[in-house]
1. What does the convex hull of the Cα atoms of the stretch 196-340 come to per residue, in Å³, rounded to a whole number?
2. For the chain, what is the accessible area per residue in Å² when the probe is 1.4 Å?
3. Provide Ser279, Ser214, Ser172 ordered by accessible surface of protein heavy atoms (probe 1.4 Å), highest first.
4. Magnitude of the Cβ-charge dipole of the chain, K/R +1 and D/E -1, about the Cα centre, nearest 20 debye?
5. Is the C-alpha gyration tensor of the stretch 48-129 telling us rounded, prolate or oblate? Criteria: a/c under 1.5 is rounded; beyond that, a/b larger than b/c is prolate, otherwise oblate.
6. In whole Hz, with x marking every Gly and Pro, tabulate ³J(HN,Hα) for the stretch 147-152 from phi via Karplus 6.51 cos²θ - 1.76 cosθ + 1.60, θ = phi - 60°.
7. In terms of solvent-accessible area of protein heavy atoms at a 1.4 angstrom probe, what is the ranking of Ser242, Ser352, highest value first?
8. Carbon and sulfur atoms: what percent of the 1.4 Å accessible area of the stretch 123-184 do they account for?
Amino acid sequence: MKHIKFITFFLSIACLFIACKNTADNDREGTSPAPEQTPGTGDDSFAKGADISWVTEMEAAGHRFYNADGKQLECTALMKECGLDAVRLRVWVDPAEHGNWCNTPDVVAKARRAKDLGMDVMIDFHYSDWWADPAQQNKPAAWKDKTLPELKKAIGDHTVTVLQALKAAGVSPKWVQVGNEIRPGMLWDKNVALSGASYDVKECDLKNAPATASDKVVYPANWSNLADFITEGYNAVKSVFSDAIVIVHLDNGWDKELFNWFFDELKKHNGKWDMIGMSLYPYWTRMEKPDYTTDDIITDCMENIKALGAKYDCDVMIVETGMECGDDKGNLASASVLAEGKRQLERIVKESRENTGGRCKGVFYWEPECKPSQYRLGAFTADGRPTVIMDAFK
């Protein structure tokens, strides 16, 4: 009888132990298997962000920002309140002639704000002392007389220096762009042996070229150099932040031929990248192609994202977009224009997330906080309040 009682007692303890273990396991793992998430349909890997690199310059000029209730907020915090979870920040090599905005200390200060708010950070290297885009990819002044090996070293050193400064400040960028809108290449030089142009850049292609500008080639193409420049930047990023996603960024996200040509060449020349970045500006595209409707532009961009993701087995991100917010006189656009901007942005965000097979990993608005008089495609009023366009992120 004693043995039976002992066995009964032992079995009771064992059953209790098993039941407790199962309960603990369920507490850790959930009482039922977690449903699988379909990529791009609501998972938290999809970023909603904005490039707000102008913010410190605007603050220094006395500009302030307010939410819909009229409460004054720091701009980064306001972006988070508007539904964004990431910021993008450009960095220039030596912008001393331009107020030192977007130099390394300025970028670090802005990145710390985002980090302290729990937001992700994208760093956008222009590899120039000021703006770099399809019409201007000018070398920093201090790099102009360097030999090719010295130029490559300068790319790596600058990239590492900026990222080490961020690291020292406790900021780990999730994404890093190696170049900005580099359809025509970057670090142009008139000497073909030093040039990083992707095609022969003509005088008429340049920023603010006069009507009399000719078809004379100013910056000759050198794909070998361009691929090496990109790879130098890529390797430098990985040497500081091995998990950072390195982006190569072109404009005109709707242009399938452009992206296939560029990334075929980059691959052929052993260039490195993790993600393809694109700009998508229906407003500017329609200025050049008035018969190309906004919705067709967006449709073609989504198709391009899917095709690029499949062809190169990499993800894609819309790192710049913007909607019409100002009129020809620099005033806030009409309510109907703002509503149309919200519609367009809503479609871009929704389809990027749900209609690209998970390949598009986010949408970033370019400088939404600016005044209508400052930039036509912002998304705020002149007195620093978000317009209805920003509701598309909620």
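1. It comes to 161 Å³ per residue, whole-number rounded.
2. 46
3. Details: Ser279 0, Ser214 45, Ser172 85 Å².
Final ranking, largest accessible area leading: Ser172, Ser214, Ser279.
4. The calculation lands at about 1220 debye.
5. Oblate shape, in that a/c is at least 1.5 and b/c is the bigger or equal ratio.
6. Calculated HN-Hα couplings, in order: 6, 4, x, 5, 5, 4 Hz.
7. Solvent-accessible surface, decreasing: Ser242, Ser352.
8. Within the stretch 123-184, the accessible surface is 54 percent carbon and sulfur.
The values are calculated or read from the model by the stated rules, or taken from the named source; none is laboratory data. Keep in mind it's a predicted model, so treat the numbers as computed, not measured. Cβ sites come from the backbone with ideal geometry, for glycine too, and all protein chains shown count toward neighbours. Just the protein is used for accessible areas: all its heavy atoms, side chains included, with ligands, DNA and RNA removed. Shrake-Rupley method; radii C 1.70, N 1.55, O 1.52, S 1.80 Å.
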